[in-house]
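Read the structure below first, then the notes.
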Amino acid sequence: MSDLEDTLLHQMQLVGLPLPEREYRFAPPRRYRADFAYPEQKILVEVEGGVWTQGRHSRGAGYSKDVEKYNLATVNGWHLLRFTGDMIKSGMAVSTIEQMLKVLENIKRGAE
């Protein structure tokens, strides 16, 4: 697990969010995994490291594979949240996850 993933997980714990599943396979038989997932709510969370350092996520082949993975998640009904290191460090990521969980809970309550 990366330092950014550790930081985000720690922030989730601090604000009292339910802990997500880690390295979640969301599209078997494909080997795609999301960094974090809330399967019941169909939320995937991806930590995009190396954005400013020409890491895997920002170079041609890696970026193309990520786009394919993210599109497959969306086609299969997943809510995909992607965060950079700056978003995690600022607290924006944990706030967005918290908001998404609340929105989906409100929708669920309205449907009942």
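Computed quantities for the displayed model
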{"read-out": "Selected residue [among the hydroxyl-bearing types (Ser, Thr, Tyr), modelled with pLDDT of 90 or more and either open to solvent by 90 Å² or more (accessible area, probe 1.4 Å) or closer than 16 Å to Phe83 by Cβ (or both)] from Thr7, Thr53", "value": "Thr7"}
{"read-out": "Residue list for region 18-41, restricted to those being of a type outside the set (Phe, Trp, Tyr), open to solvent by 20 Å² or more (accessible area, probe 1.4 Å) and part of a loop (DSSP other than H, G, I, E, B)", "value": "Pro18, Leu19, Pro28, Pro29, Arg30, Arg31, Pro39, Glu40, Gln41"}
{"read-out": "Evaluation of Leu44 against (1) in a strand (DSSP E or B); (2) without any contact (Cβ under 8 Å) to a residue 24 or more places away in the chain (one fails), failing number", "value": "(2)"}
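This table checks each residue for (1) assigned to a helix (DSSP H, G or I); (2) farther than 18 Å from Pro39 by Cβ.
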{"residue": "Leu81", "(1), (2)": "no, no"}
{"residue": "Thr96", "(1), (2)": "yes, yes"}
{"residue": "Leu101", "(1), (2)": "yes, no"}
{"residue": "Glu105", "(1), (2)": "yes, no"}
{"residue": "Lys108", "(1), (2)": "yes, no"}
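The values are calculated or read from the model by the stated rules, or taken from the named source; none is laboratory data. Keep in mind that what you see is a predicted model, and the values were worked out from it rather than measured. Note that each Cβ is placed from the backbone with ideal geometry, even for glycine, and that neighbours are counted across all protein chains shown. Quick note on the areas: whole protein, heavy atoms, side chains included, nothing else; ligands and nucleic acids left out. Shrake-Rupley method; radii C 1.70, N 1.55, O 1.52, S 1.80 Å.
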